[in-house]
Amino acid sequence: MQTVVNRPAHTNGGERGAGGKPARRGPGHALRLFAVDAALVVAFVAIMSVPLTGVPVHEWLGIALAVGLTTHLVQHTTWIVTTTRRLRTASFRNRLNYLMLLALFVGFVSIIASGLLISEAALPFLGIQPPEKGFWLWLHLVSVGWVLWLTALHIALNWKWLVTTGDRFIRRPLATILGGPRSSRRP
Ligand code: HEM
Ligand code: HEM
């Protein structure tokens, strides 16, 4: 099943190059996307495990995630610009995906901004004293509530890409090094 119709450039299905032709990019591009995606998944899981990491590590990881998300968005600038331009004529499914990503973006901005405003370690370390927690703590926790589900949905929609690319850049090279089979295809 094709889950995301308007695919990013590495699958040659969504972004268009000059003359409306599908944009073609090399394996380096896919590797960079994969590295950022994988780092985001790991960071997000760690950030959600506050009792395990403690609040100070949680805060620094949250700040690192903000940098990672900015990189992720910069990597998808072409998708964002193209899809925004074509939104009026886009299919219902692509509009829904776009709306979902918009909500995800607003959610992450809200979590990170409120997180900074309730910071107990990172901001005081930088010499900034945050205001009273009250509303900001409430906003932090409420935003986490729905961003968690949207992130899970976003990852699920891109699951096939994550697994295929993981196989290409991690499993197959490892199998080659360890002398195992070169391909994931079964005989
Ligand atoms: C923990 C957070 C996130 C993870 C793990 C994640 C992961 C992924 C993955 C695996 C892909 C497909 C491969 C790729 O093109 O890189 C993707 C695509 C994309 N992501 Fe994210 N993402 C996250 C957050 C966000 C946020 C907050 C936005 C904000 C709008 C966003 C926007 C996009 C866009 C525009 C695409 C390309 C279009 C699409 O596949 O729907 N992502 N993301
Ligand atoms: C996307 C990033 C983030 C996510 C998903 C997230 C998620 C959470 C969650 C689930 C909790 C509740 C933990 C619990 O009570 O067991 C929490 C608490 C907290 N977060 Fe975040 N957070 C993020 C970013 C940040 C950032 C960037 C900061 C500050 C720099 C921050 C500061 C805090 C603080 C201080 C608490 C403890 C609040 C309290 O109980 O008084 N968070 N966060």
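The numbers here are math on the coordinates, done by the rules we state, and not lab data. Being a predicted model, the structure only gives us computed values, none of them experimental.
Things to note:
- Per-residue Karplus couplings for region 134-145, computed as 6.51 cos²θ - 1.76 cosθ + 1.60 with θ equal to phi - 60°, are listed in order as x, 4, 5, 5, 4, 4, 4, 6, 5, 4, 4, x Hz, Gly and Pro entered as x.
- The phi torsions of region 40-55, fed into the Karplus equation with coefficients 6.51, -1.76 and 1.60 and a -60° offset, translate into couplings of 5, 4, 4, 4, 5, 4, 5, 5, 6, 9, 4, x, 7, 8, x, 5 Hz, rounded to whole numbers, with Gly and Pro shown as x.
- What the phi angles of region 106-116 give under the Karplus curve with 6.51, -1.76 and 1.60, with θ = phi - 60°, is a coupling list of 4, x, 5, 4, 5, 5, 6, 5, 5, x, 5 Hz, glycine and proline written as x.
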